[in-house]
Every structure is written in structure tokens, then in C-alpha cells.
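So the structure is just underneath, and the comments pick up after that.
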Amino acid sequence: MKSIIVGTAGHIDHGKTALVKALTGIDADRLEEEKRRGITIDLGFAHMALAGSNGETLRLGFVDVPGHERFVRNMLAGVGGIDLVLLVIAADEAIKPQTREHFDILQLLGVQRGITVLTKSDAVDAETLEVVRLEVEEFLGGTFLDKPDSIVAVSALTGAGMADLKRAIAAAAMDVQPRDASAIARLPIDRVFTMKGFGTVVTGTLVAGTVQREDELEVFPTGRRVRVRGVQVHGQTSDGAAAGQRTALNVVGASTEDLSRGMTLSSPAAFQTTRRVDVRLRLLSSAPRALKNRARVHFHSHTMETVAQVLLERQGLDSGAAQNAKAGRSDSGQAQLPPGQEAFARLKFPEAALLLPGDRFILRQFSPVVTIGGGVVLDASPLPHQPMTSNFLNILASGDAEMILKERIARRRREGVTVSGLVAETGWTKKMLEAKLARMMHTGEVVRTGDLFLHLPAFQSLQSHAVGTLTDFHKKNPLVNGISKEALRGQIDASPEIFEAVAAMLVREKKLEVVGDVVRLPGHGVVMKDDEAESKKKIEDAFALSGLRVPALNEVVAGLKVDKTRAQKIVTLLLRDKVLIKISDELVFHRSALEQLRRELAAYKSKSSKIDVASFKELTGVTRKYAIPLLEYLDRERVTRRVGDAREIL
Ligand SMILES: Nc1nc2c(ncn2[C@@H]2O[C@H](COP(=O)(O)OP(=O)(O)OP(=O)(O)O)[C@@H](O)[C@H]2O)c(=O)[nH]1
Ligand SMILES: [Mg+2]
């Protein structure tokens, strides 16, 4: 079974609604005013099943649009999700203004399949029908509807040609690429109403993914969460709906005031709304004038509409992507896009919208309102402070997923990006991204640090920055062992997570050494003479062997062979490397003794979460003189917290 959305298009009164009724038996004009005036005002819906040419059942959902020029915006809300169009042209009137405008819109939206239907064939003689057919063929020349036998003449009144039309629909449906049901769900809302006994119902064309009963969804751009109580597809209750189906959802958690046409339902927290998108756009040759930089236009995508300001990219597309596609300049020197040409541009919206790369859109002139162009969203999350570049946009426009992913990671430079960040900016699934990232890590183009992915050159530049900083430091401070990790991290301006990864990689490559909290270049440890090294070991041993019952530092120093200044230097190095730790002016401990103390306290905690001075003395075997500074040290380290006279073990 294949589900396909069929849209109508064409001039007012050319018989679109009558054709849908002749096909499906359903009158898509549902409003009282429509019936009274005999015209379509808003979108109408119908459905039917048809045997496909390979025997497969086709489920066709119809979106019937109004032809009146005043209701083009309603037409735009319906045409966004269609797979196949019936371009309706009445044989007794032939091509009229909205035939052209609707057809322009279909092409700008990238609709690929369709059938041209000459309606009201009963109203003209065979000769006239032939003349109109020729005229229409010429009109369609070179477009997606320029195909042999793709014009079908019918009469909704007599039923003539209807069997041919059904056959043509079945054949065209075979070629329709199914929409991606494994993608993240997106349902642009086209109708909201209440149903007695059910509550709030929204309808729309599910353009991607699936929706199941009981799913939680997020309403974009408002952020409200709703729960799906019921699903209907083509008027029938169902457990779920899949991409490419006309879908009605009964939702809990929002009233009709909270929802409206133009909002989108999607998986919670998968995406972010935006007020800026970078696009490729085309101005129709029929546009009344050039599109000026900073012009305001009406913007339509899926079921939503807003106003947008257009900022043209000065360099235009590269010559490989399109010929003569440079934004020109008017006599006044201001950038502008002439009719019939393409350019990259940034669009700015007054309010946030949900858009993703690949979304098509239509632009209409601000006033008077006519369709002037359209295009495709390339980047719905341009980074702040990064201007658009034709280089990056050309890669996005290329459609090469691996290249796109690499450039998206590269532009994050030293900050890197998470998988969920990439899901939000590409609209691709986590699964697809993870597979691609695994390949890129395998080839070494991308480096992973924790949750972040960095482009290799960014990672390497961090590494050489770290090594360069250390080289300078050693040059300026020959007698100092190295620099603290935190200081180096600050100087190269990396997050803790990324710094750890950079340091670890440098250590593996033997370009860096880490001693305690200090980093240095290999071979840059302070060089010691034999007697200094011997003294150093002596001090270390004296403290390591005495545990918490440490000797006084000056007594140990006094017993050394080396003079006082050199002894002081050795002690400074031991403290810097955190081999010895000073907890008060008089008291110095070996690192291992304090680590042991922490372990003992952790074990003690299983008996009691509190410890007083007496118990601490008993546990450690030290006198009060040592116990108090030790406890104060532990408080500072947040191993314990003072509560009255006792300590709580944290
Ligand atoms: N003789 C004849 N009349 C038709 C045929 N199809 C539609 N009509 C008539 O043409 C008029 C307009 O038909 P609709 O189907 O409402 O036209 P539409 O294209 O939906 O019009 P809008 O939705 O307002 O753009 C109606 O009076 C129909 O009865 C046909 O095949 N033959
Ligand atoms: Mg109609």
C-alpha cells in the first residue's frame, strides 16, 4: 500500500472541485459560504483508493485548492505537502492568470509529478479541444509536466475521460518517491477544530516520520506539549499515521485557541525554531521588478506564512551551480536580483518559525501581493557572528550529505557540536548521523571528545596552540617545571571537556607530559643534579612513609645534604607537582596519605555520616594538633562539612 497526496491547481471555476468529486464522490467544498458562492475559498479534502498499475493499492489523499486570486495564500497552505498535482485547465477558457501563477508555484516548490487535466471537455467541440491542447502543450514545454500523453481531457459532467484520468493517476503515482517514514515526525497544521466528544482536532499532511496514538508531540513555534489521543487517516481511525498521509489527530493538552494553521507538530525537543534562514532563491522571470537587497516580502512554507526581509548574498552562486546566477547591482550600486535569476540570501523573520534544510518556500511581493519567486532552505540555523558564505551555501546546496555534515562540524570550530545539535540543524535522524560520524571518525576527519564532535583541523589547531603556549612558557620560565592544566586551558580557550581530550591526545603522541596538575613539554622537567635528586627522594620518602603523622618540614630539610636554597627549590617543585600538599603553614602531607584518609572516611561513612573530632582522632591516630587542620582542609575540599562541633561526611 502506498499513500500519496494529490493536489489540484488551476484558475477559478475551471472545475477542480467538480473533478475531485467526480473522482472520489466527496464534495471538498465544506464551508457554507463556498456552497452559496459556488467557489472554493479554503482548502478542501477528499480521499479514495485506487489500484496501482502494479496491483498495489494506492491510497490517495486529495487537497483541493481555491483558484481565486484573492485566496492564493490558502492555496499555498495546501500545496506544500503534495506529491502529485492535477493541473486543471478548463477547455472552454484555456490558460488564465492563476493557471500561470499556480504553475509557477508548483515549479518553485519542486513538485515533480503531475497530470494536466483539460476539464469541461463537454463544453467545447473536438476542434476547439485540439486547439486548447496545443496551446497547453506549448505552455508546458520544458517543464516537469512536459511529457507525452500527460494531458487528459475529461468531463466531470458526463464522465468522459475519467477512466483515462484514473489510469494516468495510477501510472504517475508509481513514480512518486515515498516520503521518509523513518525521519523525525513533522505535521504542518492546516486545520484546527473541535469535535463533539473528542475535543481538539488538528489536520495536516504528515510530511515526514510517523505519529502513533499516545505519542507526545511538541507544537512549534510555541513549545506547548500535546498528547495524541486518537489518529485518523482518510477519515478512518488508525493506530498511527505515516509520512505522505492526510492525518487528523485528536490531541490533549491544547485548545483550539492554542493551535492554528502554520504551526507544526513534531517530536518533542528535536528541533529549534529560528528567525533567520539562509536560502537559495529564484526570482520568476515574470516578477514585476528586481528584488532589492533588504526588501520585505511575504514568505510561505508548508502551511505557515510570515513576512521576511531578504538580505542578498553578494557573491551569488558559483558558476557550477547555476549560470548567470549572480546578484546584480542596480545603477545606484545597491545589490538586487533581476527577474529570472537565482541567488543565495538570508531571510529574517519577525517571529520564530520551524524550518529545516530542504524546505521549499514561496515569496510574494509585499504590495501589491503577487507571487514573485521561491526557493529552498539551505541552513535554518546560521551561527551567530558567522556571516553567510557562498562557499558553505554551495556545499549545502550540493546535496552531498557527507560533505554537508563535515562542513557543519567544521564551522563549529573549537566548540564542536553534539549529535542532538546536528539532528536539530539537519533534520536527519540520530541513527543516520551516528553512522556517518562513525565513518568520519574512522577516516580521522572528525574527532570525538565526550559528546562533542570536532573537525580534525580545529582539533589540531588546539593542539598546536597548546604546544606553542607551553614552548613560550618554558622559554620564559626555565626554572619552572610547567604550567597548571587550568592555566593552559584558559590560555587556549577550550572547554574542560575538549581540553582533556586535546591533552590526552598530546600525551599519547608524546608531545606533552602531565605530572599531577602540571603540564609540560617532554624533557622540560627541571633538571636536577644527583645530590638534588637524592634529596628530593629523601623528602618524598620521609612524608610518604609517615602517613598522617608527618614530621616538620624544616626538620626534614635540615637533614639534607644540599643547601637551604636548593632544598627550598626542591620543596617548591614537590608542592607544584602536588606530590606534597600543604594544608596549613606548618603542615605538609604526602599526596598518598591524604588519598588514604579520603578512603578511610568513605568507609567510615557507611557506619555513620557524621564524625566528631574525637572519633576522627581515633580513626586516624593523630593528635588534636593535626586533627583540626586536617578537618579544616577536608572542609575546604568539600569532603566534609562542619555542623556544630562535628562534621558531616559528604
Ligand atoms: N459543463 C461542465 N461544467 C463543469 C465541469 N466541471 C465543473 N463544471 C462547472 O464549473 C463550475 C465551477 O466548478 P468548480 O469545480 O467549482 O470549479 P473550481 O475550479 O473548483 O473553482 P474554484 O475552486 O473556485 O477555483 C461549476 O458550476 C461546475 O458545475 C465539466 O466537466 N463540465
Ligand atoms: Mg473549487
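The values are calculated or read from the model by the stated rules, or taken from the named source; none is laboratory data. This structure is a prediction, so every number in the text was calculated from the model and none was measured. Cβ atoms come from the backbone with ideal geometry, glycine included; neighbour counts cover every protein chain shown. All accessible areas refer to the heavy atoms of the entire protein, side chains included, with ligands and DNA or RNA removed. Shrake-Rupley method; radii C 1.70, N 1.55, O 1.52, S 1.80 Å.
Checking the structure you have, find out if any residue of the range 428-444 is among the aliphatic types (A, V, I, L, M) and in contact (Cβ under 8 Å) with a residue 40 or more places away in the chain.
Scanning the range 428-444, I find no residue that is among the aliphatic types (A, V, I, L, M) and in contact (Cβ under 8 Å) with a residue 40 or more places away in the chain, so the answer is no.
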### Task
Could you please find all residues in the range 158-193 being touching a helix residue (DSSP H, G or I) at 6+ places or on another chain (Cβ under 8 Å), more than 27 Å from Ala208 (Cβ to Cβ) and touching a residue at least 40 places away in the same chain (Cβ under 8 Å)?
Gly159, Gly161, Met162, Leu165, Lys166
### Task
Tell me, yes or no, whether the range 421-428 has at least one residue that is within 20 Å of the chain's Cα centre (by Cα), surrounded by 20 or more Cβ atoms within 10 Å (Cβ to Cβ) and modelled with pLDDT under 90.
no
### Unmet requirement for Leu118, which otherwise passes all of (1) open to solvent by less than 10 Å² (accessible area, probe 1.4 Å); (2) under 22 Å from Ile372 (Cα atoms)
(2)
### Message
For a quick check of your reading: which strands (runs of 3 or more DSSP E) sit entirely within the range 419-524 and have at least 1 residues that are among the hydroxyl-bearing types (Ser, Thr, Tyr)?
### Response
446-449
#### Entry: Verdict on Gly10 being of a type outside the set (Asp, Glu), at pLDDT 95 or above, open to solvent by less than 40 Å² (accessible area, probe 1.4 Å) and closer than 14 Å to Asn74 by Cα
yes
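Being in a strand (DSSP E or B), touching a residue at least 12 places away in the same chain (Cβ under 8 Å) and hydrophobic (A, V, I, L, M, F, W, C) narrows it down to one residue among Ala397, Ala345; which is it?
Result: Ala345 is the single residue among Ala397, Ala345 that is in a strand (DSSP E or B), touching a residue at least 12 places away in the same chain (Cβ under 8 Å) and hydrophobic (A, V, I, L, M, F, W, C).
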### Task
Select, from Gln245, Gln272, the only residue that is touching a helix residue (DSSP H, G or I) at 6+ places or on another chain (Cβ under 6 Å) and either buried (at least 18 other Cβ atoms within 10 Å of the Cβ) or within 17 Å of Leu356 (Cβ to Cβ) (or both).
Gln272
## Note on the structure
Of the conditions (1) away from ligand 2 (no atom under 16 Å from the Cβ); (2) in contact with a helix residue (DSSP H, G or I) (Cβ under 9 Å, 6 or more places away or on another chain); (3) of a type outside the set (A, V, I, L, M); (4) at pLDDT 95 or above, the single one that Asp104 does not satisfy is (2)
## Note on the structure
Selection over the range 17-63 where residues are small (Gly, Ala, Ser) and more than 21 Å from Asp164 (Cα to Cα) yields a count of 3
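Filter the range 624-650 down to the residues that are of a type in the set (A, V, I, L, M) and open to solvent by 40 Å² or more (accessible area, probe 1.4 Å) and list them by number.
Passing the criteria: Ile628, Val643, Leu650.
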### Task
Of the numbered conditions (1) closer than 30 Å to Val423 by Cβ; (2) at pLDDT below 95; (3) among the small types (Gly, Ala, Ser), Ala185 fails exactly one; give the number of that condition.
(2)
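How many residues does the range 30-44 contain that are out of contact with any helix residue (DSSP H, G or I) (no Cβ under 8 Å at 6 or more places or on another chain) and within 12 Å of ligand 2 (Cβ to nearest atom)?
Summing the residues that are out of contact with any helix residue (DSSP H, G or I) (no Cβ under 8 Å at 6 or more places or on another chain) and within 12 Å of ligand 2 (Cβ to nearest atom) in the range 30-44 gives 7.
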### Message
Which count do you get for residues in the range 18-28 that are in contact with a helix residue (DSSP H, G or I) (Cβ under 9 Å, 6 or more places away or on another chain) and open to solvent by 20 Å² or more (accessible area, probe 1.4 Å)?
### Response
3
### Task
Could you check, for the range 115-134, whether at least one of its residues is away from ligand 1 (no atom under 16 Å from the Cβ) and in contact with a helix residue (DSSP H, G or I) (Cβ under 8 Å, 6 or more places away or on another chain)?
no
### Task
Could you tell me which of the residues Gly78, Gly67 is more than 25 Å from Leu157 (Cα to Cα) and either within 14 Å of ligand 2 (Cβ to nearest atom) or part of a strand (DSSP E or B) (or both)?
Gly78
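From the set of residues in the range 275-316 that are in contact with a His (Cβ under 9 Å, 6 or more places away or on another chain) and of a type outside the set (A, V, I, L, M), which is least open to solvent (accessible area, probe 1.4 Å)?
Here the answer is Thr306.
Residues checked against (1) at pLDDT below 95; (2) hydrophobic (A, V, I, L, M, F, W, C):
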residue	(1), (2)
Asn54	yes, no
Thr57	yes, no
Leu86	no, yes
Lys120	no, no
### Query
From the list Gly67, Gly81, which one is modelled with pLDDT under 95, within 23 Å of Met304 (Cα to Cα) and surrounded by 24 or more Cβ atoms within 10 Å (Cβ to Cβ)?
Gly81
### Summary
If we keep only residues of the range 355-396 that are open to solvent by 40 Å² or more (accessible area, probe 1.4 Å) and of a type in the set (S, T, N, Q), then the residue modelled with the lowest pLDDT is Gln386
### Message
If the requirement is being out of contact with any Leu (no Cβ under 7 Å at 6 or more places or on another chain), surrounded by fewer than 24 Cβ atoms within 10 Å (Cβ to Cβ), β-branched (Val, Ile, Thr) and touching a residue at least 12 places away in the same chain (Cβ under 8 Å), which of these qualifies: Val132, Val111?
### Response
Val111
## Note on the structure
Residues of the range 1-29 being charged (D, E, K, R) and within 13 Å of ligand 2 (Cβ to nearest atom), in sequence order, are Asp13, Lys16, Lys21, Asp27, Asp29
### Query
What are the residues in the range 198-242 that are assigned to a strand (DSSP E or B) and open to solvent by 60 Å² or more (accessible area, probe 1.4 Å), if any?
Gln212, Glu216, Arg225, Arg227, Arg229, Gln232, Gln236, Thr237
### Task
Go through the range 94-107 and count every residue that is in contact with an Asp or Glu (Cβ under 8 Å, 6 or more places away or on another chain) and either among the aliphatic types (A, V, I, L, M) or open to solvent by 30 Å² or more (accessible area, probe 1.4 Å) (or both).
3
### Query
Are any of the residues in the range 48-61 hydrophobic (A, V, I, L, M, F, W, C), within 14 Å of ligand 2 (Cβ to nearest atom), under 29 Å from Met1 (Cα atoms) and buried (at least 18 other Cβ atoms within 10 Å of the Cβ)?
no
### Task
Give the range 47-73 a look and list any residue that's out of contact with any His (no Cβ under 9 Å at 6 or more places or on another chain), without any contact (Cβ under 8 Å) to a residue 40 or more places away in the chain and not charged (D, E, K, R), or say none.
Gly55, Phe71
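Quick grid of which residues meet (1) within 13 Å of ligand 1 (Cβ to nearest atom); (2) outside any loop (DSSP other than H, G, I, E, B):
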{"residue": "Val6", "(1), (2)": "no, yes"}
{"residue": "Val20", "(1), (2)": "yes, yes"}
{"residue": "Ala28", "(1), (2)": "yes, no"}
{"residue": "Asp42", "(1), (2)": "yes, no"}
{"residue": "Gly55", "(1), (2)": "no, no"}
{"residue": "Phe62", "(1), (2)": "yes, yes"}
{"residue": "His102", "(1), (2)": "yes, yes"}
### Query
Across the range 446-482, what is the number of residues that are open to solvent by less than 10 Å² (accessible area, probe 1.4 Å) and either free of Cβ contacts under 8 Å to residues at least 40 places away in the same chain or within 13 Å of Ala410 (Cα to Cα) (or both)?
4
